[in-house]
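K.L.:
My questions all concern the structure below.
The values are calculated or read from the model by the stated rules, or taken from the named source; none is laboratory data. Being a predicted model, the structure only gives us computed values, none of them experimental. Every residue, glycine among them, receives a Cβ derived from its backbone with ideal geometry; neighbour counts consider all protein chains shown.
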Amino acid sequence: MKDILPQDTPYWQLLEDSIRAVLSAYGYQEIRFPIVEKTELFKRSIGEVTDIVEKEMYTFDDRNGDSLTLRPEGTACCVRAGIQQGLLYNQVQRLWYMGPMFRHERPQKGRYRQFHQVGVETFGMSGADLDAELILMTARLWKTLGLDGLELQINSLGTIEARAVYREALVAYFEQHLDALDDESRRRLRSNPLRILDTKNPAMRAVVAGAPKLTEYLDDASREHFATLCGLLDAAGVRYRVNPCLVRGLDYYSRTVFEWVTDQLGAQGTVCAGGRFDGLVEQLGGKPVPAAGFALGLERLLELVRDNLQPQTAPHAYLVLMGPSAQRAGLVLAEQLRDQLPGLRLMTHCGGGSFKSQFKKADRSGARIALVLGEDELQNGRVGVKFLREEREQQAVAQDALAEWMIGLLS
């Protein structure tokens, strides 16, 4: 877990604002839900034999003896909120959320135990056109952020029934190759054998490559759904790779799954991942509702796009004040300027000090100009303007004309 310091928060804010703008352009609305949920919610949704539930959740008993967990992901929380608040049944919802998630795992580049996610969840739309919209929306976000080099990988997991048949074939295959499996894969063989397919162990590549392919076990409806999605992506000019080993780590996914991956973040190269979870609402106690979504990690994304972001944080002007009368008048003047010039970044000096010390602070602030108000300026109804980033003579501007004069600073 880490602090995000003042020199870094402008990059976070600009990234978050860019994401909000793209989601808004597609008609998605924000939802906010608690950081803490009942532990049972994640056991029922993610799956008790997943790494997240078995190893990574921050779980504790509260004073009433209830088991609570810091949310390790947002989809289950969003579904729980939708069911409780009556947002889902016989309705269409396009929702998004942003905030911290928590997993006790080994920190890596761009991955922390408290990390920040943007999640998008949709409800009430079962077609492949919605899956395509989610992917197109992420592609637009990369374009907005000037991010190149991401690869889109897609796959279909089919229905739960089709996966059950495939699971039996997969277990039978890996039982014939137990010597090629590492300890983690042997443990998963009975509990979650599909997770063996996305192992990061290079020594297992050959045995995984020879495993039965899920595409061979898809039901007809899922096969048609996936073919429609591929056709829509082709028509939109979105490049992708079908990855038959892409299975996702959460039990609630069905049919479409996708990931945007990069080779610039080490072993953990997934920037954005998602897919369909049509059975999750019913699994958590609601009436059946088709659903799909994705999540992206802000830390990882920021690693990739920080150089493309240019936040404007320095003040436009720094107000230098000399003497008690100027201090009183200066605070009033500063408020008037902020009223008249929306978007003005004006820093007012506080704490007294000589002109020399105040000008030093003005210069360190990064402001383009210093506005000077002392006894002489008060008597004359004027404000001195000293240019801090340009070789220009100091000027004097009438106080009642200052706002109009400063309009150029905001352009």
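K.L.:
I'd like to verify a number: residues in segment 158-188 that are exposed (fewer than 12 other Cβ atoms within 10 Å of the Cβ) and small (Gly, Ala, Ser), how many?
P.N.:
Result for segment 158-188: 2.
K.L.:
Taking the residues in segment 10-31 that are among the aromatic types (Phe, Trp, Tyr) and surrounded by 15 or more Cβ atoms within 10 Å (Cβ to Cβ) as candidates, determine which candidate is farthest from Gly146 (Cα to Cα). Break it down stepwise before answering.
P.N.:
In the first step, residues of segment 10-31 are kept if they are among the aromatic types (Phe, Trp, Tyr); the result is 11-12, 26, 28.
Now restrict to residues that are surrounded by 15 or more Cβ atoms within 10 Å (Cβ to Cβ): 11-12, 28.
Details: Tyr11: 14, Trp12: 16, Tyr28: 22 Å.
Checked segment 10-31; the qualifying residue farthest from Gly146 (Cα to Cα) is Tyr28.
K.L.:
Just one of (1) farther than 30 Å from Ala206 by Cβ; (2) in a loop (DSSP other than H, G, I, E, B) trips up Gly158, so point out which.
P.N.:
With respect to (1) farther than 30 Å from Ala206 by Cβ; (2) in a loop (DSSP other than H, G, I, E, B), Gly158 is out only on (1).
K.L.:
Among (1) of a type outside the set (Lys, Arg); (2) under 23 Å from the mean Cα position of the chain (by Cα); (3) in a helix (DSSP H, G or I), which single condition is Val247 missing?
P.N.:
Unmet for Val247, out of (1) of a type outside the set (Lys, Arg); (2) under 23 Å from the mean Cα position of the chain (by Cα); (3) in a helix (DSSP H, G or I): (3).
K.L.:
Give the residues of segment 295-354 that are touching a residue at least 40 places away in the same chain (Cβ under 8 Å), out of contact with any helix residue (DSSP H, G or I) (no Cβ under 8 Å at 6 or more places or on another chain) and in a helix (DSSP H, G or I), sorted by residue number.
P.N.:
Glu299, Arg300, Glu303, Leu304, Asn308, Gly330 - these are the residues of segment 295-354 that are touching a residue at least 40 places away in the same chain (Cβ under 8 Å), out of contact with any helix residue (DSSP H, G or I) (no Cβ under 8 Å at 6 or more places or on another chain) and in a helix (DSSP H, G or I).
K.L.:
Any residue in segment 127-153 that is within 25 Å of Asp307 (Cα to Cα) sitting within a Cβ distance under 8 Å of a residue that is assigned to a loop (DSSP other than H, G, I, E, B) and polar (S, T, N, Q)? List the pairs, counting only those 6 or more apart or interchain.
P.N.:
Gly149/Thr262; Gly149/Gln264; Leu150/Thr262; Glu151/Thr262
K.L.:
Same structure again: Among residues belonging to segment 196-214 that are of a type in the set (Lys, Arg) and either assigned to a loop (DSSP other than H, G, I, E, B) or touching a residue at least 60 places away in the same chain (Cβ under 8 Å) (or both), point out the one that is surrounded by the fewest Cβ atoms within 10 Å (Cβ to Cβ). So that I can check it myself, show each step before the final result.
P.N.:
Within segment 196-214, the first condition is being of a type in the set (Lys, Arg), and the residues that meet it are 200, 205, 213.
From what's left, either assigned to a loop (DSSP other than H, G, I, E, B) or touching a residue at least 60 places away in the same chain (Cβ under 8 Å) (or both): 200, 213.
Numbers: Lys200: 9, Lys213: 14.
The selected residue is Lys200.
K.L.:
How many of the residues in segment 355-368 are in a loop (DSSP other than H, G, I, E, B) and either out of contact with any helix residue (DSSP H, G or I) (no Cβ under 9 Å at 6 or more places or on another chain) or polar (S, T, N, Q) (or both)? Break it down stepwise before answering.
P.N.:
From segment 355-368, those in a loop (DSSP other than H, G, I, E, B) are 366-368; that's our starting set.
Those still in the list that are either out of contact with any helix residue (DSSP H, G or I) (no Cβ under 9 Å at 6 or more places or on another chain) or polar (S, T, N, Q) (or both) too: 366-367.
Going through segment 355-368 one residue at a time, the tally reaches 2.
K.L.:
From the list Val79, Val165, Val171, which one is free of Cβ contacts under 8 Å to residues at least 40 places away in the same chain and of a type in the set (Val, Ile, Thr)? Walk me through it before giving the result.
P.N.:
Numbers: Val79 fails: free of Cβ contacts under 8 Å to residues at least 40 places away in the same chain; Val165 fails: free of Cβ contacts under 8 Å to residues at least 40 places away in the same chain.
Checking each option against the conditions leaves just Val171.
K.L.:
Pull up segment 66-117, narrow it to residues that are more than 15 Å from Glu30 (Cα to Cα) and among the β-branched types (Val, Ile, Thr), then point me to the one that is farthest from the chain's Cα centre (by Cα).
P.N.:
Among them, the one singled out is Ile83.
K.L.:
Now, a different point. Only residues that are of a type in the set (Phe, Trp, Tyr), at pLDDT 95 or above and assigned to a helix (DSSP H, G or I): list them for segment 12-49, please.
P.N.:
Trp12
K.L.:
Just the residues that are within 11 Å of Arg255 (Cα to Cα) and touching a residue at least 40 places away in the same chain (Cβ under 8 Å), please, taken from segment 215-228. Spell out how you get there, then give the answer.
P.N.:
Pass one, segment 215-228, residues within 11 Å of Arg255 (Cα to Cα): 215, 218-219, 221-226.
Scanning segment 215-228 gives Thr215, Leu218, Asp219, Ala221, Ser222, Arg223, His225, Phe226.
K.L.:
In addition: Report yes if Val120 is under 14 Å from the mean Cα position of the chain (by Cα) and closer than 25 Å to Gly231 by Cβ, otherwise no. It would help to see each step written out before you state the result.
P.N.:
Working: under 14 Å from the mean Cα position of the chain (by Cα): yes; closer than 25 Å to Gly231 by Cβ: yes.
So Val120 passes the test.
Okay, residues lined up against (1) outside any helix (DSSP H, G or I); (2) within 16 Å of Phe258 (Cα to Cα):
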{"site": "Leu130", "(1), (2)": "no, yes"}
{"site": "Ile135", "(1), (2)": "no, yes"}
{"site": "Ala139", "(1), (2)": "no, yes"}
{"site": "Leu147", "(1), (2)": "yes, no"}
{"site": "Glu168", "(1), (2)": "no, no"}
{"site": "Val171", "(1), (2)": "no, no"}
{"site": "Asp179", "(1), (2)": "no, no"}
{"site": "Arg187", "(1), (2)": "no, no"}
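K.L.:
Could you figure out which of (1) within 27 Å of Arg188 (Cα to Cα); (2) modelled with pLDDT of 90 or more; (3) of a type in the set (S, T, N, Q) isn't true of Thr228?
P.N.:
For Thr228, the failing item is (1).
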